[in-house]
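Inspection log for the structure reproduced underneath, given as C-alpha cells.
The values are calculated or read from the model by the stated rules, or taken from the named source; none is laboratory data. Computed from a predicted model, the values in this text were never measured in an experiment. Cβ coordinates were reconstructed from backbone atoms using ideal geometry, including for glycine residues, and neighbour counts include every protein chain displayed.
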Ligand SMILES: [Cu+2]
C-alpha cells in the first residue's frame, strides 16, 4: 500500500520535472534532423537530403506533449533488471494512443550516463493507452538521462527527456574532451569521422568512413540498421542539446555513410554512430568541439 503511494508520488514528481524541462522537437527523418531542448528546428524539413521524401511535419506547440518515465519497482539499482514505463500524454492529461513508425519503431529510447561514457539505444514496446514499456539495466549508480523519441500520429517528431537516478556504486566521472584524432577502432572496424565544418549553425555533413581494422580494406557491405545505413545521435556535453541525425543516402552500404546536421551552439558534443555489419550492430563514439 505504502509502496503504491510512493509510486504515484514519483509519477507526479516526474511529470512536474518534465514540464519544467520542456519539449523537444525535430524534423522527421528526411535526412536532416536537428533536435534540441529549447529551440524548434528551423531547418527546412523538405531539403531533399533523404531518399524517401517528406513526412508529415505539422508543427505542434512545443509543450503539447508530456512523457512520464517511471520504474515499476519504484527505485532502480545498478545492474539489476528494471522495468521502465513511459507514458505519453497531451497537455490536458489525455493519453496519446497513436504513433507513427519511424525507422521501423514506434519509439526510440536513448539512455546516457551523466558523463556520456555510457550510451544505450533501445526500443520500448507499445502497450496501450499511451504507455510504452521496456526492461533495461544500468551499469552503475548515478544519474542517467533518458530521451524518448517518437512521432505522434499526424504530428511532428518529438523528443522528451528526463534525468533518472540509479542506486548503487557510482564510478568516477569521465571527462568529456574533444578527440585529438577522429579515428576509432571498435569491434574490428576502423572508423574515421570527417566534419565539413565545425561552426555552430552551419549545415554540416558528417562522413563516417568504415574500414576493416585488420586488413584496412573498405567495408562496402554494411547492412541496413533500422531501415538505414546507420544512425547517429549527438548530445551536448551537458546532455541538454539532443540532435538526432539521419543519413543523406539511406540505402548506402559503405564504406562511407554521410549524415547532415547543424549544431545549435558552440560547445563540446559527443557523437555516436551506429552501423550494422554481418548481423552485428557496432557503436562508434566521437567527441568534437564546435565553435
Ligand atoms: Cu532507435
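Overview of results
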read-out	value
Among (1) assigned to a loop (DSSP other than H, G, I, E, B); (2) in the same structural domain as residue 235 (by TED's automatic domain parsing), the one test that residue 190 misses	(1)
Total residues in region 76-100, condition surrounded by fewer than 17 Cβ atoms within 10 Å (Cβ to Cβ) and touching a residue at least 40 places away in the same chain (Cβ under 8 Å)	8
Subset of region 102-114 that is part of a loop (DSSP other than H, G, I, E, B) and modelled with pLDDT under 95 - its residue that is surrounded by the fewest Cβ atoms within 10 Å (Cβ to Cβ)	104
Residue match in region 159-168 (condition: away from the ligand (no atom under 16 Å from the Cβ) and under 18 Å from residue 243 (Cα atoms))	yes
Test: residue in region 160-170 that is under 20 Å from residue 262 (Cβ atoms) and assigned by TED's automatic domain parsing to the domain that holds residue 130	yes
From 254, 273, 279, residue being within 26 Å of residue 102 (Cβ to Cβ) and exposed (fewer than 15 other Cβ atoms within 10 Å of the Cβ)	279
Single residue of 126, 118 found to be closer than 26 Å to residue 238 by Cβ, free of Cβ contacts under 8 Å to residues at least 40 places away in the same chain and in contact with a strand residue (DSSP E or B) (Cβ under 9 Å, 6 or more places away or on another chain)	118
Any chance residue 69 is away from the ligand (no atom under 16 Å from the Cβ), crowded, with 19+ Cβ neighbours inside 10 Å, not assigned by TED's automatic domain parsing to the domain that holds residue 232 and not in a strand (DSSP E or B)	no
Residue satisfying all of: in region 184-224; surrounded by fewer than 14 Cβ atoms within 10 Å (Cβ to Cβ) and free of Cβ contacts under 8 Å to residues at least 12 places away in the same chain; farthest from residue 278 (Cα to Cα) among these	196
Subset of region 102-114 (residues that are touching a strand residue (DSSP E or B) at 6+ places or on another chain (Cβ under 8 Å) and within 16 Å of the ligand (Cβ to nearest atom))	102, 103, 106, 107, 108, 109, 110, 111, 112
Lone unmet requirement of (1) away from the ligand (no atom under 16 Å from the Cβ); (2) on the phi > 0 side of the Ramachandran plot for residue 143	(2)
Hits in region 115-134 - residues which are within 16 Å of the ligand (Cβ to nearest atom) and assigned to a strand (DSSP E or B)	119, 120, 121, 122, 125, 126, 132, 133, 134
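Quick grid of which residues meet (1) within 15 Å of residue 178 (Cα to Cα); (2) in contact with a strand residue (DSSP E or B) (Cβ under 8 Å, 6 or more places away or on another chain):
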residue	(1), (2)
227	no, no
234	yes, yes
237	yes, yes
244	no, yes
266	yes, yes
270	yes, yes
278	no, yes
283	no, yes
287	yes, yes
